[in-house]
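Visitor: Structure provided below as structure tokens; questions to follow.
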């Protein structure tokens with residue numbers, strides 16, 4: 001596939017439009033392991049998304065026209081799944097990936113028999129479509145409530161949960177919950193605060209929330225590497241650590257989500273304060 005690289009790079013450069021960003025990943029015959037050259041191209045594409053507010057990611061797998069329908073559907077799904085795993089490994093929030101579908105074969109369309117091999121190579125692929133979030137003004141026209149939440153997000157404390165003085169859109173920074181440098185687990189002096197949080201959430205069953213993980217000390221808005229796994233998704237791993245802890249303590253999964261915020265929102269103080277988790281309240285209902 002080396003002779004395809006100049007063509008593929010050109011295709012990648014053309015893949016960016018105003019509201020959507022597209023990228024194709026190409027595979028060897030009958031394979032769904034991502035070739036190294038394609039992994040490098042995908043990493044470059046993902047790095048270009050760092051400064052973009054992503055609404056959703058769709059991943060569609062394809063095969064060439066050889067093989068049975070059943071075989072091609074399975075292979076195309078495996079290719080789509082492989083790209084999904086790579087996105088998560090490079091720090092893309094899995095909750096943003098809304099479609100991961102194997103579409104099967106692409107019918108061969110050629111005008112010259114000499115092009116058959118090249119066209120089939122281009123059909124063995126995964127298409128990635130990244131949709132950009134609409135600007136606030138555009139969102140306001142479609143969903144007034146969503147804009148009001150974004151513009152009126154106020155930071156509160158866990159005491160506000162106990163007092164019942166929180167509402168949808170409020171944000172709570174979890175003070176005294178700190179993470180070990182380069183890892184997703186908390187320091188020993190944070191566990192008491194974490195237990196208190198679990199008890200508060202158990203006592204306030206009407207509160208639904210998203211756990212937002214953050215990191216410090218990275219370039220631009222890229223995520224940091226989790227030394228335990230080697231993946232560049234440390235902010236997501238930290239949010240999931242809190243999610244898993246609360247689940248073990250009895251907080252219902254349906255009330256919680258977790259996302260990695262990378263280093264998009266540094267606090268400007270000591271690095272340890274950016275190794276943090278915040279809670280965004282998404283719904284407040286009755287406890288009974």
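Visitor: Report the full-extension gain for the segment residue 195 to residue 39: residue separation times 0.36 nm, less the Cα-Cα distance, to one decimal in nm.
Guide: My answer for the length gained is 52.1 nm.
Visitor: For the pair residue 22 and residue 65, what calculated FRET efficiency results from E = 1/(1 + (r/R0)^6), where r is the Cβ-Cβ distance and R0 = 22 Å, to the nearest 0.05?
Guide: 0.45
Visitor: Mind giving me the FRET efficiency for residue 107 and residue 48? R0 is 22 Å, r the Cβ-Cβ distance, nearest 0.05 is fine.
Guide: Given R0 = 22 Å and the Cβ-Cβ separation, E is 0.10.
Visitor: I would also like to ask the following. At a 10 Å Cβ-Cβ cut-off, how would you order 283, 183, fewest neighbours first?
Guide: The order, fewest Cβ neighbours first, is 283, 183.
All of the numbers you see were taken from the coordinates with simple rules; none came from a lab. Model, not experiment: these values are computed from the prediction. Here the Cβ is made from the backbone with ideal geometry for all residues, glycine too, and neighbour counts use every protein chain on show.
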